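These notes concern the structure reproduced below.
The values are calculated or read from the model by the stated rules, or taken from the named source; none is laboratory data. Source: prediction; values computed, not measured. Ideal geometry is used to build each Cβ from the backbone, glycine not excepted, and the neighbour counts take in all protein chains shown.
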């Protein structure tokens with residue numbers, strides 16, 4: 001048939017005929033769309049299944065790696081923890097010992113600082129006693145070696161008495177200081 005005649009025939013169709021043709025075309029298009037949609041959905045499901053399988057394989061690999069690490073690392077972690085704990089305990093014991101030694105040395109130092117002034121004063125008193133002894137020895141030698149005049153003997157005796165009194169005064173003041181320091185040490189202890 002000639003295309004023009006075909007067009008004329010198409011114009012001669014009624015509305016019911018057009019309705020049937022259009023309904024048939026829509027039905028065919030819907031079947032084609034359904035087939036195409038099923039194909040797309042099947043492809044998506046296959047892609048999803050492939051992705052799930054890939055992820056499951058990755059998870060299995062990670063799980064096996066985690067298990068291997070747990071088997072390998074757990075004993076090492078426990079050993080390291082034990083080592084660190086032993087080190088911490090030993091450092092703590094050393095610190096306690098050093099603190100005890102420090103306390104002992106601090107108390108000895110404090111006691112020494114408290115006693116040092118008293119020891120110094122005792123040394124001074126000893127020095128004064130030695131000095132007075134030397135003066136007495138020198139005077140004894142002087143008296144036995146020379147025949148002094150009565151005025152010089154009187155003057156010498158007076159000077160010796162003054163020096164002896166001064167020495168006795170110094171000894172007494174230092175003994176009083178020592179007594180005060182000893183009392184302070186006793187009251188602080």
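Things worth noting here:
- Annotation: residue 72 fulfils all but one of (1) within 30 Å of residue 184 (Cβ to Cβ); (2) out of contact with any helix residue (DSSP H, G or I) (no Cβ under 6 Å at 6 or more places or on another chain); the unmet one is (1).
- Residue pairs whose Cβ atoms lie under 6 Å apart, separated by 6 or more positions or on different chains, with the first residue in region 25-37 and without any contact (Cβ under 8 Å) to a residue 40 or more places away in the chain and at positive phi and the second surrounded by 10 or more Cβ atoms within 10 Å (Cβ to Cβ) and in a helix (DSSP H, G or I), do not occur.
- Among the residues examined, residue 137 qualifies as at pLDDT below 80, assigned to a helix (DSSP H, G or I) and more than 57 Å from the chain's Cα centre (by Cα).
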